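K.L.:
Below are the structure tokens for one structure; questions will follow.
The values are calculated or read from the model by the stated rules, or taken from the named source; none is laboratory data. In this text the structure is predicted, and so the values were computed from the model without any measurement. No Cβ is skipped: glycine too gets one built from the backbone with ideal geometry, and neighbour counts run over all protein chains shown. For accessibility, only protein heavy atoms count, side chains too; no ligands or nucleic acids. Shrake-Rupley method; radii C 1.70, N 1.55, O 1.52, S 1.80 Å.
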Amino acid sequence: AQTVTQSQPEMSVQEAETVTLSCTYDTSESNYYLFWYKQPPSRQMILVIRQEAYKQQNATENRFSVNFQKAAKSFSLKISDSQLGDTAMYFCAFMNQGGSEKLVFGKGTKLTVNP
Amino acid sequence: EAQVTQNPRYLITVTGKKLTVTCSQNMNHEYMSWYRQDPGLGLRQIYYSMNVEVTDKGDVPEGYKVSRKEKRNFPLILESPSPNQTSLYFCASRNWGHTEAFFGQGTRLTVV
């Protein structure tokens, strides 16, 4: 079974600084997808960034980028120029390519951006 | 507007009183799922459906039922709720061949 581990339950960063959230996963599959979801206090689940395992290039979405290390099964999220609106719970998630529609989530990292 | 709609948003109920949380999507998605979110545990899948009349258990299905009679709707049924089902529930849908899941707004359920 696939597992996703987020080792940082809570983190904080000063506004405008850079922060990196860690995620590791375990799978025997070779084709899969990885995601970072943001959950602000409104509880809405928002997709931040997505990475296909077959792509070597790291995904980037504006201030958000990932460091995908397939051999190490690591998928960290870097937030540059942190903003107050980035304060949220962040979940790393895994999904196999094909098969059942199942996102496997980590336990989450609560990020606080301080002014 | 493309969306997944859950109702109710908040619900307090008593042990043993049957309840249904509705989920509806207007994007014609094949895949629909239910997750529960608990502090320190992240989100865990309860049930999922690949299409009409096709449902299967996720990781934590005990105490829940689902049905998929229409493509747009995927209700979650708690026949006899217990306090350990107090949680935040999310419905999600996804289109075949696409990876992005769309989530509902969440339902905060408290069972006393």
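K.L.:
Give region A:1-33 a look and list any residue that's open to solvent by less than 30 Å² (accessible area, probe 1.4 Å), at pLDDT 95 or above and within 11 Å of chain B (Cβ to nearest Cβ), or say none.
P.N.:
Correct list: A:4, A:6.
K.L.:
Quick check on my filter: what residues within region B:55-74 are open to solvent by less than 70 Å² (accessible area, probe 1.4 Å) and closer than 27 Å to residue A:1 by Cα?
P.N.:
B:55, B:58, B:60, B:61, B:63, B:64, B:66, B:67, B:68, B:74 - these are the residues of region B:55-74 that are open to solvent by less than 70 Å² (accessible area, probe 1.4 Å) and closer than 27 Å to residue A:1 by Cα.
K.L.:
Could you give every pair whose Cβ atoms fall below 6 Å, whose first residue belongs to region A:39-65 and is in contact (Cβ under 8 Å) with a residue 60 or more places away in the chain, and whose second residue is open to solvent by less than 40 Å² (accessible area, probe 1.4 Å), counting only separations of at least 6 or pairs across chains?
P.N.:
Close Cβ pairs (under 6 Å, with a partner that is open to solvent by less than 40 Å² (accessible area, probe 1.4 Å)) amount to A:39/A:45; A:39/A:88.
K.L.:
So which residues in region B:38-49 are touching a residue at least 24 places away in the same chain (Cβ under 8 Å) and either within 14 Å of residue B:101 (Cβ to Cβ) or within 8 Å of chain A (Cβ to nearest Cβ) (or both)?
P.N.:
Those that are touching a residue at least 24 places away in the same chain (Cβ under 8 Å) and either within 14 Å of residue B:101 (Cβ to Cβ) or within 8 Å of chain A (Cβ to nearest Cβ) (or both): B:43, B:49.
K.L.:
Here's another thing I want to ask about it. Given (1) over 21 Å from residue A:2 (Cα atoms); (2) within 11 Å of chain A (Cβ to nearest Cβ); (3) open to solvent by 10 Å² or more (accessible area, probe 1.4 Å), where does residue B:106 come up short, assuming only one miss?
P.N.:
Here residue B:106 meets the rest and fails (3).
K.L.:
Also, I was wondering about something else. It is to be established whether one or more residues within region B:69-90 are modelled with pLDDT under 95, within 14 Å of chain A (Cβ to nearest Cβ) and assigned to a loop (DSSP other than H, G, I, E, B).
P.N.:
The answer is no; no qualifying residue exists.
K.L.:
Would you be able to say whether some residue in region A:42-60 is away from chain B (no Cβ under 14 Å), open to solvent by less than 40 Å² (accessible area, probe 1.4 Å), within 28 Å of residue B:56 (Cβ to Cβ) and more than 11 Å from the chain's Cα centre (by Cα)?
P.N.:
no
K.L.:
Another one. Looking at region A:37-67 only, could you name the residues that are of a type outside the set (S, T, N, Q) and closer than 19 Å to residue B:97 by Cα?
P.N.:
The answer is A:47, A:49, A:50, A:52, A:53, A:54, A:55.
K.L.:
Let me ask something additional. Within region B:1-23, count every residue that is within 24 Å of residue B:52 (Cα to Cα) and open to solvent by 30 Å² or more (accessible area, probe 1.4 Å).
P.N.:
Selection size over region B:1-23: 9.
K.L.:
Does residue B:7 fit the bill of being free of Cβ contacts under 8 Å to residues at least 60 places away in the same chain and either closer than 25 Å to residue A:37 by Cα or within 10 Å of the chain's Cα centre (by Cα) (or both)?
P.N.:
So residue B:7 fails the test.
K.L.:
Inside region A:61-79, can you point out the residues that are polar (S, T, N, Q), open to solvent by 70 Å² or more (accessible area, probe 1.4 Å) and assigned to a strand (DSSP E or B)?
P.N.:
A:69, the sole residue that qualifies.
K.L.:
Continuing with this model, one more query. Checking the structure you have, find out if any residue of region A:80-93 is in contact with a Ser or Thr (Cβ under 8 Å, 6 or more places away or on another chain), surrounded by 19 or more Cβ atoms within 10 Å (Cβ to Cβ) and over 24 Å from residue B:87 (Cβ atoms).
P.N.:
Yes, some residue in region A:80-93 is in contact with a Ser or Thr (Cβ under 8 Å, 6 or more places away or on another chain), surrounded by 19 or more Cβ atoms within 10 Å (Cβ to Cβ) and over 24 Å from residue B:87 (Cβ atoms).
K.L.:
Would you please name the residue that is nearest to the chain's Cα centre (by Cα), looking only at residues in region B:17-35 that are assigned to a strand (DSSP E or B) and more than 11 Å from chain A (Cβ to nearest Cβ)?
P.N.:
B:34
K.L.:
Being in contact (Cβ under 8 Å) with a residue 40 or more places away in the chain, within 14 Å of another protein chain (Cβ to nearest Cβ) and open to solvent by less than 30 Å² (accessible area, probe 1.4 Å) is the filter here, so list the residues in region A:94-115 that pass it.
P.N.:
If the condition is that a residue be in contact (Cβ under 8 Å) with a residue 40 or more places away in the chain, within 14 Å of another protein chain (Cβ to nearest Cβ) and open to solvent by less than 30 Å² (accessible area, probe 1.4 Å), then A:94, A:95, A:103, A:104, A:105, A:106, A:108, A:109 are the ones that fit.
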